[in-house]
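Reviewing the structure listed below.
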Amino acid sequence: MSNETIGLGLIIAGLICLVIFFIPTIIAFKRNHHFKFVILAINIIFGVTGIGFLIALVWAVWPKKTAIVDVVTNDLISAQNNQQLYKERGANARAYDVARYGTVQQSPVSAQQSGENSPTKACPYCGEQIALKAIKCKHCKENLG
């Protein structure tokens with residue numbers, strides 16, 4: 001075997017090891033995880049230890065908007081808190097639109113309350129009203145599958 005063959009083999013083996021090392025980061029970015037940059041930092045800084053790699057891997061496949069700390073501290077109400085936060089953000093956005101444009105458009109929520117039939121449904125993540133055919137919530141930006 002020549003030195004070029006050995007060098008090429010080492011480069012290929014190094015690239016394969018690098019891809020394996022960054023599997024948690026790749027998964028987090030492919031899933032568009034809420035904490036993808038934190039997972040990247042943990043993967044780079046603590047990934048060599050093995051424990052950091054496992055933590056990053058578990059967190060990458062964890063539900064998108066949940067931190068591992070929420071489960072460790074038994075804070076299972078964080079999903080409900082997120083729903084309340086998204087509702088407040090939606091109300092603030094509507095108030096901003098009214099202040100900026102000076103018009104009050106009838107929202108799907110008020111249309112349902114007034115008895116009109118409108119093709120909407122509640123977002124399972126934030127509770128805001130969205131179009132029945134929606135595949136992504138316009139308020140919390142979650143994919144509805």
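Condition check: modelled with pLDDT of 85 or more and farther than 27 Å from LYS138 by Cα. Does ILE27 satisfy that? Answer is no for this residue. Considering the stretch 1-50, and only residues there that are of a type in the set (Gly, Ala, Ser) and either in contact with a Phe, Trp or Tyr (Cβ under 9 Å, 6 or more places away or on another chain) or assigned to a loop (DSSP other than H, G, I, E, B) (or both), the residue that is surrounded by the most Cβ atoms within 10 Å (Cβ to Cβ) turns out to be ALA28.
The values are calculated or read from the model by the stated rules, or taken from the named source; none is laboratory data. As the structure is a prediction and not an experimental result, all values here were calculated from the model. Methodologically, a virtual Cβ is constructed for each residue, glycine included, from the backbone with ideal geometry; neighbour enumeration extends over all protein chains shown.
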